[in-house]
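As structure tokens, the structure follows; a few thoughts come after it.
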Amino acid sequence: MDSHKTSIFKNFKYDLSASVVVFLVAVPLCLGIALASGAPLFSGVIAGIVGGIIVGLISGSSLGVSGPAAGLAVIVLSAIQELEAFPIFLAAVVVSGIIQILLGISKAGIIGYYFPSSVIKGMLSAIGIIIFLKQIPHAMGYDADPEGDLEFFQPDGENTFSELVNMMNYIQEGALVIFVISMVILILWERPFMKRIKIFQVIQGPLVVVTAGIVINQLFSGSSLYIDQSHMVSLPVAGSFSDFINQFTFFDPTAMIRKDVLILGATIAVVGSLETLLCVEATDKLDPQKRITPTNRELLAQGVGNICSGMVGGLPVTQVIVRSSANIQSGGKSKISAIMHGVLLLISVIAIPQVLNLIPLSSLAAILIVVGYKLAKPSLFKQMYAAGKSEFVPFMVTILGIIFTDLLIGILLGLVVGIFQILYNNFRKPYVVETLESNGTTKLRLELSENLTFLNKASIIETVSHLPDDSEITIDASRSHFIHPDILEILNDFKLNAQYRNIKLVILGLDKEHDNPLKELKKAAKKM
């Protein structure tokens, strides 16, 4: 216990520093996701606070950060419109939390481990590219698309690429100047000579960028370069404590038994859990210490978080890769950084919303562009290309799928391609063939692989049906540990067929015991 406390204390300065950066990244994302979801802006802030404090306390993830989910924005938008009452929608969020707790108890967290590494790395790169592309308009002072929107087709009627053309008609010079200065600061902060100076190890570049953005814009006051409120953070401001409390909306518990609410709750639970598990896998890959997050506990944490968020007017929460990667890139060491970012969100909306509303979105765009670049470094593309087609193809399909559709569709496309490659490789490589010519007679030797499943049926049937007549063939199964009954049946049928084709057939190794699930079941049944 004492060593655990010592560890937390030892890393506290790193976690506190990282939490400030995550907090700065989270503020516009919370507001933007709420806007894209058609929900009150404060609901996004609530989800950010709950995701940081509640989920952070329960979660076993060392570096994962939770908050409102961009991947659920479309579902939330249509649900709020259909249900026509926000408290009824909140009841569905509470239901989703209950379902997630049940998923955690039933150990459904293992699902995340079935996604190949190439798809997870593709997801990280795609999100990095999307962040980069989506932030360019904000850097230019054009903020028609809400922060946190990761969809290809945007609420403003544009798409990710057409927005880059459209923004050219709306460039705001002051925002562009602040963005350029912000980028210069962030690039300098990454230089080795800056990192050797002790004070710059403590003060994070993004904090300097935000401060500089506020100061520079105030200096622009009265000139054409001044950035007005429409291009800055827009946290809801409460005039008093009672006004602050009135910003919370409470769920309708009577709606929890409605069929449409139950269906929506199940949808949010399934989609949110899948997004969380994928982000957990991605965050663990980014973790310098390569710690492994207990996924079932994560589902429990997300479930409790969604119950709490839904009860007081918050959006659904998931673990999110943008905040998690910002946490890692900023030097976060433990879950304290995630919890502290939630605390900072809570303090800021109570005490200093007016100050935060002075932050130009172009300053935050610079921070997020750096985060996006680090997620999609060119070196990663070179590494995946060098790994071969089996890794590079699903990687690229995932990236293109996410960029041109959305997160889940892109991941599923990458997964399908990955599975197809497995099937194709099984079709092609269930055996090794050796061919010999002796005295005008063709001699073939087929050495079967260690494991032959029903997936190899097509290849085996295709091969034996095209083996030449009037030949000598040896099929060697001595190295095989598992042969599916379907494969054994094909070999037995070929043994009979060979007699009619003047094929001298020898089959080796079938007399030994192979791992056979049917035999194991029969043995188990006899013992009962």
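The values are calculated or read from the model by the stated rules, or taken from the named source; none is laboratory data. Nothing here was measured: the structure is a model prediction, and the numbers come from that model. Here Cβ is always computed from backbone atoms with ideal geometry, including for glycine, and neighbour counts include all displayed protein chains. These area figures cover heavy atoms from the full protein model, side chains too; ligands, DNA and RNA do not enter into them. Shrake-Rupley method; radii C 1.70, N 1.55, O 1.52, S 1.80 Å.
Table for the structure above
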read-out	value
Listed residue (VAL209, PRO192, SER240) projecting farthest to the positive dipole end of segment 158-293, Cβ model	PRO192
Student exercise, segment 117-191 dipole from Lys, Arg, Asp, Glu Cβ charges, in Debye to nearest 20	420 debye
Mean Kyte hydropathy of 0.5 or more with a Cα span along the axis of at least 18 Å, helices from DSSP in the chain	2-36, 41-58, 86-105, 117-139, 173-189, 205-219, 259-286, 336-351, 361-375, 389-404, 407-428
Point-charge dipole on Cβ atoms (K/R +1, D/E -1) for the chain, about Cα centre, debye to 20	1880 debye
Reciprocal of mean inverse Cα separation for segment 202-300 (Kirkwood radius, Å)	19.2 Å
All-pairs Cα distance distribution in the chain, expressed in whole percent, bin size 10 Å	4, 16, 24, 21, 13, 9, 8, 4, 1, 0, 0
The chain, relative contact order in percent, only Cα pairs under 8 angstrom and at least six apart counted	27 percent
Accessible surface of the chain, 1.4 Å probe, proportion on carbon and sulfur as whole %	65 percent
Gain in span if fully extended, PHE12 to ILE187, counting 0.36 nm per residue against the direct Cα distance	60.5 nm
Anisotropy class of segment 273-356 from Cα gyration tensor, a/c 1.5 cut	oblate
Ranked packing of 486-493, 172-179, most packed first, by mean Cβ within 10 Å	172-179, 486-493
Rounded Å value of the spacing that divides the Cα centres of segment 365-396 and segment 184-234	27 Å
Most positive-pole-ward Cα, VAL433, LEU77, SER223, against dipole of the chain from beta carbon charges	VAL433
Distance between segment 9-70 and segment 335-360 - C-alpha centres, whole angstrom	10 Å
For the chain: accessible area per residue (Å², 1.4 Å)	47 Å²
Cα-based Rg of segment 183-237 normalised by 2.2 N^0.38 Å, two decimals	1.43
Burial ranking of peptide ranges 189-197, 467-475 (average Cβ count within 10 Å, highest at the top)	467-475, 189-197
Ordering of 137-143, 503-509 by packing [mean C-beta count within 10 Å, highest first]	137-143, 503-509
Computed [θ] at 222 nm, deg cm²/dmol, the chain (DSSP H ≥ 4; -39,500 (n - 2.57); rounded to nearest 500)	-20500 deg cm²/dmol
Listed pairs LYS285/LYS457; LYS107/LYS374; LYS333/LYS377 exceeding 30 Å between Cα atoms	LYS285/LYS457; LYS107/LYS374
